[in-house]
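Heads up: the structure comes next, in structure tokens.
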């Protein structure tokens with residue numbers, strides 16, 4: 001008989017999938033201020049490169065091995081700026097909070113990336 005992972009562990013695994021870009025239903029947003037600060041320029045190409053660099057930094061982020069959290073929040077440094085990322089849980093219609101974030105079939109994850117000063 002298979003045993004189910006504790007909800008906290010299941011949520012952490014789903015959040016990792018979201019951060020890695022493997023959750024097709026997730027939404028990933030970065031604040032304009034975050035991208036503009038990292039871009040160091042105002043051309044579209046500067047913003048695209050900044051977005052790629054920020055996403056890579058979030059995907060490369062490693063939580064402490066003994067951390068037992070849902071891994072829904074992190075803080076990292078990029079180009080001398082402190083960047084926060086946060087994952088929130090919504091229902092499939094994105095109207096209300098999810099009743100069970102451990103159930104991927106009823107939860108839409110939203111990963112928001114921002115500068116620490118914007119939090």
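None of the figures in this text is laboratory data; all of them are computed from the coordinates on show. No experiment lies behind these values; they were computed from the predicted model shown. Please note: Cβ atoms are built from the backbone with ideal geometry, for glycine as well, and neighbour counts cover all protein chains shown.
Quick check, is residue 23 farther than 21 Å from residue 115 by Cβ and out of contact with any helix residue (DSSP H, G or I) (no Cβ under 7 Å at 6 or more places or on another chain)? Spelling it out, it is not the case that residue 23 is farther than 21 Å from residue 115 by Cβ and out of contact with any helix residue (DSSP H, G or I) (no Cβ under 7 Å at 6 or more places or on another chain). A count restricted to the range 26-68 and to residues that are touching a residue at least 60 places away in the same chain (Cβ under 8 Å), exposed (fewer than 14 other Cβ atoms within 10 Å of the Cβ) and either farther than 28 Å from residue 92 by Cα or more than 13 Å from the chain's Cα centre (by Cα) (or both) stands at 2. Just need a number here: residues in the range 69-90 that are in contact with a strand residue (DSSP E or B) (Cβ under 7 Å, 6 or more places away or on another chain) and either free of Cβ contacts under 8 Å to residues at least 12 places away in the same chain or in a loop (DSSP other than H, G, I, E, B) (or both). Number of matching residues: 1. Taken over the range 103-112, the residue count meeting the criterion of being assigned to a loop (DSSP other than H, G, I, E, B) and either over 24 Å from residue 55 (Cα atoms) or under 9 Å from the mean Cα position of the chain (by Cα) (or both) is 3.
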